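All remarks here apply to the structure that follows.
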Amino acid sequence: MTRATGTAVLIASLVLAGCGGGDSSSSPTDYSGIFVGRWEGLSSFTFGGQSSSSQTYIPITSAGTNSVVLREFCGDGTGPRAEILSSSSLHIQGLTCPAQAIGTCAAVTFVVNPGGTGNLANGQLAIRFSGSATGCGQTFSYTSTFDGQRTSTNPQALTAELGTVGAALESELARSF
């Protein structure tokens, strides 16, 4: 190799290294598979000092690298996205569901506030979130918790006849509207 060719190869190598060429170790580890599936457990809701609990499930699907969707929160089957922070935690983004009839109110808008959390430890997923429901001139704030285990890696698996977290919340709201 001539001196000019060696210099050209060195310069090309430095340019490629500076542009990120060749080193793919900087891509993030995708933890979404740890959270994807059907999770069944106890949901608790608090509205204005009144609390209730019921057995529910949450289907969680992948939405990309380190991103999942907590399905079935809204009447149309959608739910909030969550950013996965590590193999054991996630951060829930906000969501406003399409208006739907609840109780005697023809149009209630259900909101999940941004900032909810999820923590996974020893196979148990603990989710905490808050929000509000507005309709017919009334607004009700709520807080909610879900504590459960993954019963299937398939979010749509039918392992028990339980209602979703969204359906349980809707049922509680029906008493207020």
Filter segment 58-90 down to residues that are farther than 27 Å from S176 by Cα and over 11 Å from the mean Cα position of the chain (by Cα) and give me whichever is most open to solvent (accessible area, probe 1.4 Å).
L85
Does R81 qualify as being touching a residue at least 40 places away in the same chain (Cβ under 8 Å) and of a type in the set (K, R)?
no
Whether any residue in segment 24-35 is surrounded by 10 or more Cβ atoms within 10 Å (Cβ to Cβ), at pLDDT below 85 and closer than 30 Å to I127 by Cα is what I want to check.
no
Just wondering, is there one or more residues in segment 102-124 that are at pLDDT below 90, part of a loop (DSSP other than H, G, I, E, B) and surrounded by 14 or more Cβ atoms within 10 Å (Cβ to Cβ)?
yes
I'd like the full set of residues that are open to solvent by 80 Å² or more (accessible area, probe 1.4 Å) and either among the acidic types (D, E) or modelled with pLDDT under 95 (or both), limited to segment 144-153.
T153
Residues located in segment 58-90, provided they are at pLDDT 95 or above and polar (S, T, N, Q):
T61, S62, T65, N66, S67, S86, S87, S88, S89
Residue among Q50, Q93, Q55 that alone is at negative phi, open to solvent by 70 Å² or more (accessible area, probe 1.4 Å) and modelled with pLDDT of 95 or more:
Q93
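The values are calculated or read from the model by the stated rules, or taken from the named source; none is laboratory data. Note that this is a predicted model, so its numbers are computed, not measured. Positions of Cβ are generated from backbone atoms using ideal geometry, with glycine treated the same way; all protein chains shown enter the neighbour counts. Only protein heavy atoms, including side chains, enter the accessible area calculation; ligands, DNA and RNA are left aside. Shrake-Rupley method; radii C 1.70, N 1.55, O 1.52, S 1.80 Å.
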